[in-house]
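Undergrad: Dropping a structure here in structure tokens format, bear with me for questions.
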Ligand code: HEM
């Protein structure tokens, strides 16, 4: 996993709970924590940090990952405004597979990004198929919630199938509920 993801996790934890909490999580996970954005680090580091946060906060690991994604996405919007300009939440999500993540591969050599496919649902609904050996569908859910917040919209996200429930892939159903006036 690229260091930028760890940088975002550190920012989210530090902004909400302070730098001491970040140090405590690193200690508990047995990690040093000197992550540089372009570096590559074991996925296990992320899982260790999530486990530590999960036990400290007494919330399930998936919920920790979702919250990280939700709070990290607006930070990506600050770093990479060009990916967001001129979009609403739906049109932004539709650029993920063909524009954003391919660009991410150039910006972060060695990045191993997930694969998404799209399917229209009922009006106001978009199905996003997520495929990745990392099985970080909760992170994808959080990123989508964070994107909605960035665009001043409200969405509901659930999964009609999920690798964690034994399905072949994860299908995230995004329902676009409201736009902030
Ligand atoms: C709603 C929008 C987005 C979704 C749903 C999404 C989803 C994900 C997920 C789930 C991963 C974890 C890796 C995996 O599952 O295999 C990931 C990785 C990553 N994404 Fe995105 N992403 C979004 C937008 C962005 C944007 C705007 C950027 C901006 C630069 C970005 C940059 C990255 C990077 C750097 C990684 C790490 C890849 C690696 O470590 O190899 N993503 N993304």
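Every number in this text was worked out from the coordinates using simple rules, so none of it is lab data. A quick note: this is a predicted structure, and the numbers were derived from the prediction, not measured. Don't worry about glycine lacking a Cβ; one is built from the backbone with ideal geometry, like all the others, and counts go over all protein chains shown.
Undergrad: Pick from 130, 41, 17: which is most flexible by mean-square fluctuation in a GNM of the chain where alpha carbon atoms under 10 Å apart are linked?
TA: 17
Undergrad: From the Cα gyration tensor of region 74-118, with a ≥ b ≥ c the square roots of its eigenvalues, which class applies: rounded if a/c is under 1.5, or else prolate if a/b is larger than b/c, or else oblate?
TA: Oblate.
Undergrad: Here's another thing I want to ask about it. Defining a contact as two alpha carbons under 8 Å apart and six or more residues distant in sequence, what relative contact order in percent does region 1-158 show?
TA: Relative contact order for region 1-158 comes out at 24 percent.
Undergrad: Separate question: Select from 102, 74, 42 the residue whose mean-square fluctuation is largest in a Gaussian network model of the chain (Cα-Cα springs shorter than 10 Å).
TA: Comparing 102, 74, 42 in a Gaussian network model of the chain, the most mobile one is 42.
Undergrad: Highest GNM mean-square fluctuation, the chain, Cα pairs closer than 10 Å: which of 159, 56, 135?
TA: The residue with the greatest mean-square fluctuation here is 56.
Undergrad: What number does region 116-169 give for Rg over Rh if you use C-alpha atoms and the Kirkwood radius?
TA: Rounded to two decimals, Rg over Rh is 0.97.
Undergrad: May I pose another question? If you take the square roots of the eigenvalues of the alpha-carbon gyration tensor of region 3-58 and sort them as a ≥ b ≥ c, do you get rounded (a/c under 1.5), prolate (a/b over b/c) or oblate?
TA: The shape class here is oblate.
Undergrad: Computed FRET efficiency, Cβ-Cβ of residue 154 and residue 56, R0 30 Å: what is it to the nearest 0.05?
TA: Given R0 = 30 Å and the Cβ-Cβ separation, E is 0.55.
Undergrad: With bins 10 Å wide starting at 0, give me the P(r) of the chain over every alpha carbon pair, in whole percents.
TA: Histogramming the chain at 10 Å steps yields 9, 37, 37, 16, 1 percent.
Undergrad: Give me 137, 89 sorted ascending by neighbouring Cβ count inside 10 Å, so fewest comes first.
TA: With the sparsest Cβ surroundings first, the list reads 89, 137.
Undergrad: Another question, if that's okay. Considering the Cα trace of region 86-179, what is its radius of gyration and what is Dmax, both in angstroms?
TA: Over region 86-179's Cα set, Rg and Dmax evaluate to 13.1, 38 Å.
Undergrad: For region 10-95, just list the percent of Cα-Cα distances falling in each 5 Å bin from zero outward, please.
TA: Each 5 Å bin holds this share of Cα pairs: 3, 13, 20, 23, 17, 11, 9, 4, 0.
Undergrad: Normalised by the number of residues in region 86-179, what is the relative contact order in percent for Cα pairs under 8 Å and 6+ residues apart?
TA: Result for region 86-179 is 25 percent.
Undergrad: Same structure again: Using Cβ contacts closer than 10 Å as the measure, can you line up 32, 10, 125 from fewest to most?
TA: The order, fewest Cβ neighbours first, is 32, 125, 10.
Undergrad: Still on this model: Using Cα-Cα distances under 8 Å and only pairs 6 or more residues apart, what relative contact order does region 3-58 have, in percent?
TA: 42 percent
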